[in-house]
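Enquirer: First the structure, then my questions, so here it is.
The values are calculated or read from the model by the stated rules, or taken from the named source; none is laboratory data. In this text, all values refer to a predicted model and were calculated from it rather than measured experimentally. Reconstructed Cβ throughout: ideal geometry from the backbone, glycine too, with neighbour counts over all protein chains shown.
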Amino acid sequence: MKAVILAGGYGTRISEESFLRPKPMIEIGEAPILWHIMKYYSHFGINDFIICCGYKGYVIKEYFADYYLHRSDVTFDFTSENSVTSHTNSSEPWKVTLIDTGLETQTGGRIKRVRSYIGDETFMLTYGDGVSDVNLDSLLAKHKKLRAAVTITAIRPAGRFGVLDLDDEKDFITGFREKARDDTGWINGGFMVMEPEVFDYLDGDDCVLEQSPMVRLAAEKKLGVYKHHGFWQCMDTLRDKTKLEDLLKSGYAPWRVW
């Protein structure tokens, strides 16, 4: 199974870091948050990644091109043959496809652009700026049980996100709306499972996955939900980054299962 990661946005809320590199490449504990996300998927046996690049996508490409240098101890010998020796093997069982999906392309448009790399199989999708301890095996099992076109992991943070209206009896999403000030409803936490059918709901580069496509899927009872009651944290701001750093330093990092 493939996992698609959206990694092309500007990351304007964390501009203190993102003016130098795309948000998924901002480091948490000396490794990009994108790496943490991929390691988490790999723990569940998902090692085939399609990364939707955009803003400063070359930084992501250069990171993987020099992955051995980033993750290994090396000796550069300039005295004889200009040789390079790697002393540790930190390779991952990954296949990583990096696709330039455009600088201004919206989330739905980015997914549409990688259709040819996905084929006609079920795939997973998440954002390149959030970590969780969601059980991906259970998520996939729920998706298959619901026979939905898309299944979203729903979480309940205290915060600032749009709200999902849920049909609790049938585990389907019935609508999307903006969060009221006193609303503590479920939100989209990423970590989705999708059928190729979703491409029929995506238009051009201006298509925002979380708007018209999700609204249509919800109206047609094709948008399933997997409720996650555990850990979830996005990295929208510098404060969020600091929180994740502190969790790693404390030894309590629920997403670090490898």
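Enquirer: Return yes when R216 is in a helix (DSSP H, G or I) and at pLDDT below 95 and no when it is not. It would help to see each step written out before you state the result.
Expert: Details: in a helix (DSSP H, G or I): yes; at pLDDT below 95: no.
No.
Conditions (1) touching a helix residue (DSSP H, G or I) at 6+ places or on another chain (Cβ under 9 Å); (2) exposed (fewer than 13 other Cβ atoms within 10 Å of the Cβ); (3) at pLDDT 95 or above; (4) closer than 23 Å to T12 by Cα, marked per residue:
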site: H87; (1), (2), (3), (4): no, yes, no, no
site: Q106; (1), (2), (3), (4): no, no, yes, yes
site: K112; (1), (2), (3), (4): yes, no, yes, no
site: A154; (1), (2), (3), (4): no, no, yes, no
site: D168; (1), (2), (3), (4): no, yes, no, no
site: W186; (1), (2), (3), (4): no, no, no, no
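Enquirer: Has the stretch 99-106 got any residue that is of a type in the set (G, A, S), touching a residue at least 24 places away in the same chain (Cβ under 8 Å) and within 24 Å of C234 (Cβ to Cβ)? Give the steps one after another, and end with the answer.
Expert: Of all residues in the stretch 99-106, those of a type in the set (G, A, S) come to 102.
In the following step, the residues that additionally are touching a residue at least 24 places away in the same chain (Cβ under 8 Å) were identified as 102.
Remaining after also requiring within 24 Å of C234 (Cβ to Cβ): 102.
Checked the stretch 99-106: at least one residue is of a type in the set (G, A, S), touching a residue at least 24 places away in the same chain (Cβ under 8 Å) and within 24 Å of C234 (Cβ to Cβ).
Enquirer: Does L247 meet the test of being in a helix (DSSP H, G or I) and without any contact (Cβ under 8 Å) to a residue 40 or more places away in the chain?
Expert: Details: in a helix (DSSP H, G or I): yes; without any contact (Cβ under 8 Å) to a residue 40 or more places away in the chain: yes.
Taking the combined requirement at face value, the residue satisfies it.
Enquirer: Restricting the search to the stretch 36-75, which residues are of a type in the set (K, R) and modelled with pLDDT of 95 or more? Spell out the reasoning first.
Expert: Residues of the stretch 36-75 of a type in the set (K, R): 39, 56, 61, 71.
Correct list: K39, K56, K61.
Enquirer: Now for a different question. With the stretch 1-90 as the region, which strands (runs of 3 or more DSSP E) entirely inside it contain at least 3 residues that are in contact (Cβ under 8 Å) with a residue 60 or more places away in the chain? Quick ask: steps written out before the conclusion?
Expert: Values: elements: 2-7, 48-53, 74-77, 83-86.
Fully inside the stretch 1-90 and qualifying: 2-7, 48-53.
Enquirer: Another question, then. Go through the stretch 89-102 and give me each residue that's within 28 Å of E210 (Cα to Cα) and either surrounded by fewer than 13 Cβ atoms within 10 Å (Cβ to Cβ) or β-branched (V, I, T) (or both). Spell out the reasoning first.
Expert: Initially, the stretch 89-102 is screened for residues within 28 Å of E210 (Cα to Cα), giving 95-102.
The answer is K95, V96, T97, I99, T101.
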